[in-house]
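The values are calculated or read from the model by the stated rules, or taken from the named source; none is laboratory data. Fair warning: this is a prediction, and the values are worked out from it, not measured in the lab. All Cβ positions, even for glycine, are placed from backbone atoms using ideal geometry, and neighbour counts span all protein chains on display. We work out accessible area using only protein heavy atoms, side chains counted, and drop any ligands, DNA or RNA first. Shrake-Rupley method; radii C 1.70, N 1.55, O 1.52, S 1.80 Å.
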Amino acid sequence: MTTPVLLQHYIDGKWFDGEGETVTSISPAEPDVTVAHGRAAADDDVDAAVAAARAAAGHWAKTPAHERGAVLTRAASVVESSAEQWGVELAREEGKTRGEGVAEVLRAAQILRFYGGEGDREAGQVFASPRRGEQILVTRKPVGVVGVITPFNFPIAIPAWKIAPALTYGNTVVWKPAGTVPLLAMRLMQALADAGLPPGVLNLVIGGRTVGAGIADHPGIDALTFTGSTAVGRSLAAAGAARGVPVQAEMGGKNAAVVLGDADLALAAEQVLLGAFRSSGQKCTATSRLIVTDDIADEFVGELVARIGKWTVGNPLDEHVHMGPVVDGAARMSIRTGIDEAVRQGARVLCGGRPYEDGDLAAGFYVSPTVLELPGAGLDVWREELFGPVLAVCRAADTEAAFALADDSDYGLSAAVFTQDLTRALGALEDLDVGILHINSESAGADPHVPFGGAKKSGYGPKEQGRAAREFFTHTTTVYLRGGRPIA
Ligand code: UN1
């Protein structure tokens with residue numbers, strides 16, 4: 001057993017103990033194992049963090065983009081060289097498998113490196129002027145002090161993809177990670193500090209909802225970026241609107257995989273399995289709805305359930321395990337309730353669905369990979385996000401009906417369509433209102449250099465990642481630039 005890490009906060013270049021409520025980060029695989037513990041930030045710590053970020057803002061904004069980028073590039077190396085160790089810590093603290101944990105840490109390094117290169121890219125636009133002797137420049141400026149509120153499910157990648165663009169574009173940051181994953185937050189903070197980030201530029205305050213609300217409502221915060229539930233995202237967006245502060249919120253999903261009759265069924269089954277159950281389904285991009293056309297429905301669902309049967313659920317640190325627990329007891333409870341309710345409403349359990357009754361799997365926060373066949377699309381499980389390893393299945397008569405079913409959702413984050421037919425693939429692009437569309441690959445996944453985010457209830461404000469992030473983390477100044485020469 002490893003000794004718990006002392007949980008600390010970082011403001012104005014200094015680590016210190018909190019004085020708020022007690023925070024204990026446990027391992028969801030073994031709830032009696034404490035990973036990190038300490039005390040939450042107090043209200044005046046949020047004030048101190050915002051004050052430090054404000055004080056650092058002017059100097060950081062004037063620091064050359066290449067120097068800002070160099071800090072991120074150095075941090076990328078620190079993160080990369082720690083991937084094995086932090087990947088294990090991540091798996092222990094969050095519950096995804098060790099392999100996924102290591103891959104996530106490496107992804108964070110890749111994101112830091114991408115934004116580290118920003119100084120080498122174009123920084124604005126030049127337009128012709130309708131007047132002689134003039135040109136019009138559109139330049140970019142940081143928005144100021146950004147509040148960053150991040151979820152439990154990607155404890156280092158999501159913080160990296162918010163903080164790296166915030167910093168590279170010259171903003172300073174006050175960051176609150178999810179209270180369930182403070183250790184990985186401390187690791188990323190330390191990496192950036194070791195890379196030479198000046199004091200006050202990034203401040204880490206750990207705590208629960210009151211700390212989050214303290215940041216969101218703080219008059220010293222100029223913009224807020226959030227990933228988490230639709231309910232919280234919308235309330236932050238409303239609060240931001242009331243104060244005239246821009247909010248970027250990346251929220252829920254009810255992502256469909258559509259498997260059509262001409263698909264490569266083995267490929268589709270492999271990808272749907274990964275999309276639905278990797279990270280125990282706790283990704284906003286996870287596949288939670290499966291739509292199969294009648295012609296191949298029995299064969300495909302049979303193949304999928306057979307593959308799930310070969311998966312090992314267990315301690316995420318064990319090499320042969322495919323799926324670990326969900327993040328905490330409350331998550332396990334709400335997912336189980338959602339399954340029970342679906343069954344009550346007429347769903348048929350094709351696999352999983354029952355709680356683990358003994359041994360390590362009953363002690364940890366495990367939910368078995370569950371596939372539910374629905375009598376129709378009216379069930380709550382088809383509409384509401386459960387954020388767990390639960391896949392609901394509906395059949396469709398043909399491609400058109402399948403796409404209509406997929407698009408009939410309040411959410412619009414991602415979708416996966418399995419077909420070998422170009423016309424059907426292009427039809428999906430036309431018919432599905434989503435931010436991310438995968439053809440013949442699982443619904444989850446993101447690359448640092450391309451936009452990420454959803455349509456409909458899934459996203460609010462500009463997209464994240466790639467150069468799309470610039471829309472949120474900067475604003476433009478249009479410069480009418482004319483010299484002093486007499487106009488001929
Ligand atoms: C991914 O699919 O790899 O909270 C990333 C989430 C998303 C990130 C998904 N914002 O699950």
(request) Place a label point 7 angstrom from the Cα of residue 125 along the Cα-to-Cβ direction, then list the residues of region 432-461 whose backbone nitrogen is under 19 Å away. (result) 451
(message) Around residue 37, under 12 Å between beta carbons, what's the net of Lys plus Arg minus Asp minus Glu among the other residues?
(response) -2
(message) At 222 nm, what value in deg cm²/dmol follows for the chain if DSSP H runs of at least 4 each add -39500 (n - 2.57) and the sum is divided by all its residues, to the nearest 500?
(response) -12000 deg cm²/dmol
(message) Counting heavy atoms of the protein chains only and a 1.4 Å probe, report the per residue accessible area for region 255-439 as a whole number of Å².
(response) 40 Å²
(message) Using a Debye calculation, one point per C-alpha and no hydration shell, please list log10 I(q)/I(0) for region 69-154 at q = 0.10, 0.17, 0.21 Å⁻¹ in order.
(response) -0.43, -0.83, -1.03
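Take the alpha carbon atoms of region 1-99, find their radius of gyration, then divide it by 2.2 N^0.38 Å using N residues; give the quotient. Don't skip to the answer; put the middle values down first.
Values: Rg = 17.1 Å, N = 99, 2.2 N^0.38 = 12.6 Å.
This ratio for region 1-99 stands at 1.35.
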(message) Rolling a 1.4 Å sphere over the protein heavy atoms, what is the accessible area per residue of region 1-137, to the nearest Å²?
(response) 48 Å²
(request) In whole Å, largest first, what are the principal axis extents of the Cα atoms in region 347-451? (result) 50, 38, 26
(request) Kindly provide the Kirkwood hydrodynamic radius of region 255-439 in Å, to one decimal, from all pairs of distinct alpha carbon atoms. (result) 16.5 Å
(request) With a 1.4 Å probe and all protein chains in place, put 9, 449 in order of accessible area, largest first. (result) 449, 9
(message) If I take every Cα pair under 8 Å that is 6 or more residues apart in the chain, average their sequence separation and divide by the length, what percent do I get for the relative contact order?
(response) 18 percent
(request) Could you work out the local net charge near residue 135, counting Lys and Arg as +1, Asp and Glu as -1, over the other residues with Cβ closer than 14 Å to its Cβ? (result) +3
(message) Given a 1.4 angstrom probe, I'd like the percentage of the accessible area of region 196-286 that is carbon and sulfur, rounded to a whole number.
(response) 61 percent
(message) From the phi angles alone, apply the Karplus equation (6.51, -1.76, 1.60; θ = phi - 60°) to region 427-443 and give each ³J(HN,Hα) in whole Hz, x where the residue is Gly or Pro.
(response) x, 4, 4, 6, 8, 9, 8, 10, x, 9, 10, 10, 9, 6, 9, 5, 6
(message) Output wanted: per-residue J couplings in Hz (rounded whole) for region 210-219, from phi through Karplus 6.51 cos²θ - 1.76 cosθ + 1.60, θ = phi - 60°, x for Gly and Pro.
(response) 5, 5, x, 5, x, 6, 4, 8, 6, x
(request) Give the Kirkwood hydrodynamic radius (Å, one decimal) of the chain, defined as one over the mean of 1/r across all pairs of different Cα atoms. (result) 23.4 Å
(message) If I ignore ligands, DNA and RNA and count only protein heavy atoms, how much of residue 431 is accessible to a 1.4 Å probe, in Å² to the nearest 10?
(response) 70 Å²
(request) Output ³J(HN,Hα) for region 346-355: one whole-Hz value per residue in order, computed from phi by the Karplus curve 6.51 cos²θ - 1.76 cosθ + 1.60 with θ = phi - 60°, and x for Gly and Pro. (result) x, 6, 9, 7, 8, 7, x, x, 10, x
(message) Around residue 375, under 12 Å between beta carbons, what's the net of Lys plus Arg minus Asp minus Glu among the other residues?
(response) +1
(request) Calculate the radius of gyration of the Cα atoms of region 2-53 to one decimal place, then report Dmax, the largest Cα-Cα distance, as a whole number, both in Å. (result) 12.9, 39
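From Cα pairs below 8 angstrom and at least 6 apart in sequence, can you work out the relative contact order of region 46-165, rounded to a whole percent?
28 percent
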(message) Using Cα-Cα distances under 8 Å and only pairs 6 or more residues apart, what relative contact order does region 255-439 have, in percent?
(response) 30 percent
